[in-house]
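Q: There's a structure below that I have some questions on.
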Amino acid sequence: MRCLIASSSRDKTESDFSESRQVRLAVAAMAAEEILELSNGRITAKIAAWGATITSLIVPDAHGNLADVVLGFDTLEPYMKGISPYFGCIVGRVANRIKEGKFILNGVEYSLAINNGPNSLHGGLKGFDKVVWDVVERKSGECPSITFQYHSKDGEEGYPGDVTVRATYSLPDSTTLRLDMEAVAENKATPINLAQHTYWNLAGHNSGDTLDHSIQIWGKHITPVDENTIPTGEIMPVKGTPFDFTTEHKIGARINDVPGGYDHNYVLDSGEEKNGLKHAAKLKDSSNSRTLDLWTDAPGMQFYTANYVDGITGKGGAVYGKHSGVCLETQGFPNAINQPNFPSVVVQPETK
């Protein structure tokens, strides 16, 4: 498959306000628990309004056998309680890490929520993965789709300006899941870097680790990191290193040569381009029965091998251990807001 990474006039009393608040809370709870299905007869995705999260993706292998190829939970409760290590969600306002949770923009210093050692990760304590998105459009037919929308307020998690974000999941053909994401800054310049954080296991979410998966990455460089996983600012060639996946290799072949495992941003600089998208990666399970081709218009991709997943009980009682999934997070470069030599992630407000 390909994943292409959108009234009453009387005075109100105190009891009236209480009643309306209860109604609003009930509606919010129902929306939070909403899981929608997107299917074309060959691929079936389940996507939650909570975090615009892919909770399940069932696809056939070369022999027609179906399997759910993403890690996750049977219910939304673990996601809503913060147990999930970003399974399947959209992360933002800024994906990945911002050094010490600080940046200066237009002469103003901003301080963000710190939630990953000394850094701010994936938008902070309550990023886009931990909010309810509105379902604003659903389409059926030859290209079924679901569009989610979220309004992020000025000051949320320390970020400047109001931002409206749209994410559209669609199935444009029998073997393709597409995600289009758009963010509009409404009144202030702000950093924006959205990423989809699905953990893939093409042999099936409950099939153990992914070290026998093979991957090819169309990136000749990475952005190496310091002891706190913050890019140093260098653009390093991968040739001759364990990071070289310009030709296909098994994930586990050299992972022990990378302290902690892979959790690095690749510069997508060598893939074929088609319809405005670059070929970023090709992932295969050990039997070659399922292949995922990833295409994107983002400049980078975080290759993460679930190094910090340790004994999480997921769907059907499956226990997810270290390296049980692979994340291919297309993105702007980590900490780009503090690295002037990286592609900018600053979005300017619309002018009217």
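Q: Which condition breaks for ALA183 when tested against (1) touching a Ser or Thr at 6+ places or on another chain (Cβ under 9 Å); (2) farther than 17 Å from THR330 by Cα; (3) in a strand (DSSP E or B); (4) not aromatic (Phe, Trp, Tyr)?
A: Tallying (1) touching a Ser or Thr at 6+ places or on another chain (Cβ under 9 Å); (2) farther than 17 Å from THR330 by Cα; (3) in a strand (DSSP E or B); (4) not aromatic (Phe, Trp, Tyr), ALA183 fails exactly one: (2).
Q: Find all pairs meeting these conditions: Cβ atoms under 8 angstrom apart; at least six residues apart or on different chains; first residue within region 330-352 and among the acidic types (Asp, Glu); second residue in a loop (DSSP other than H, G, I, E, B).
A: Once the first residue is among the acidic types (Asp, Glu) and sits in region 330-352, its partners that are in a loop (DSSP other than H, G, I, E, B) give GLU350/GLU186.
Q: Does at least one position in region 210-220 carry a residue that is open to solvent by 20 Å² or more (accessible area, probe 1.4 Å) and hydroxyl-bearing (Ser, Thr, Tyr)? Even if it seems obvious, please write down each step before you answer.
A: At the first step, the residues of region 210-220 found to be open to solvent by 20 Å² or more (accessible area, probe 1.4 Å) are 211-212, 216, 218, 220.
From what's left, hydroxyl-bearing (Ser, Thr, Tyr): none.
No; the residues of region 210-220 include none that is open to solvent by 20 Å² or more (accessible area, probe 1.4 Å) and hydroxyl-bearing (Ser, Thr, Tyr).
Q: Next up: Hey, can you tell me all the residues within region 43-64 that are at pLDDT 95 or above, open to solvent by 40 Å² or more (accessible area, probe 1.4 Å) and not aliphatic (A, V, I, L, M)?
A: Correct list: LYS46 only.
Q: Kindly indicate whether any position in region 168-176 is open to solvent by 50 Å² or more (accessible area, probe 1.4 Å) and touching an Asp or Glu at 6+ places or on another chain (Cβ under 8 Å).
A: Checked region 168-176: no residue is open to solvent by 50 Å² or more (accessible area, probe 1.4 Å) and touching an Asp or Glu at 6+ places or on another chain (Cβ under 8 Å).
Q: Can you confirm whether region 303-313 contains a residue that is closer than 30 Å to ILE104 by Cβ and assigned to a strand (DSSP E or B)?
A: The answer is yes, given that some residue of region 303-313 is closer than 30 Å to ILE104 by Cβ and assigned to a strand (DSSP E or B).
Q: Working only within region 335-352, note down all residues that are open to solvent by less than 40 Å² (accessible area, probe 1.4 Å) and in a helix (DSSP H, G or I).
A: Scanning region 335-352 gives ALA336, ILE337.
Q: Quick one: count up the residues across region 285-334 that are touching a Phe, Trp or Tyr at 6+ places or on another chain (Cβ under 9 Å), acidic (Asp, Glu) and open to solvent by 10 Å² or more (accessible area, probe 1.4 Å).
A: Here the count works out to 1.
Q: Kindly provide the set of residues from region 166-179 that are touching a Lys or Arg at 6+ places or on another chain (Cβ under 9 Å), part of a strand (DSSP E or B) and farther than 17 Å from GLY88 by Cβ, ordered by number. Break it down stepwise before answering.
A: Taking region 166-179 as the starting set, the residues that turn out to be touching a Lys or Arg at 6+ places or on another chain (Cβ under 9 Å) are 168-178.
Pick out the ones that are also part of a strand (DSSP E or B) and you get 168-173, 176-178.
Correct list: PRO172, ASP173, THR176.
Q: Another question, if that's okay. Would you call GLY271 at pLDDT below 95 and either touching a strand residue (DSSP E or B) at 6+ places or on another chain (Cβ under 8 Å) or surrounded by fewer than 17 Cβ atoms within 10 Å (Cβ to Cβ) (or both)? Please lay out each step first, then the result.
A: Working: at pLDDT below 95: yes; either touching a strand residue (DSSP E or B) at 6+ places or on another chain (Cβ under 8 Å) or surrounded by fewer than 17 Cβ atoms within 10 Å (Cβ to Cβ) (or both): yes.
Judged against the criteria, GLY271 is a match.
Q: Which of (1) in a strand (DSSP E or B); (2) closer than 22 Å to ASP209 by Cα; (3) of a type outside the set (S, T, N, Q) is the odd one out, the single condition LEU36 does not satisfy?
A: If we test LEU36 against (1) in a strand (DSSP E or B); (2) closer than 22 Å to ASP209 by Cα; (3) of a type outside the set (S, T, N, Q), just (2) comes out false.
Q: All but one of (1) open to solvent by 20 Å² or more (accessible area, probe 1.4 Å); (2) under 13 Å from ILE337 (Cβ atoms) hold for ILE98, so report the exception by its number.
A: Failed condition: (1).
The values are calculated or read from the model by the stated rules, or taken from the named source; none is laboratory data. Not measured: the values here are computed from a predicted model. Heads up, the Cβs are rebuilt from the backbone with ideal geometry, glycines too, and the neighbour counts pull from every protein chain shown. Each accessible area value is taken on the protein alone, full model and side chains, heavy atoms only, with ligands, DNA and RNA left out. Shrake-Rupley method; radii C 1.70, N 1.55, O 1.52, S 1.80 Å.
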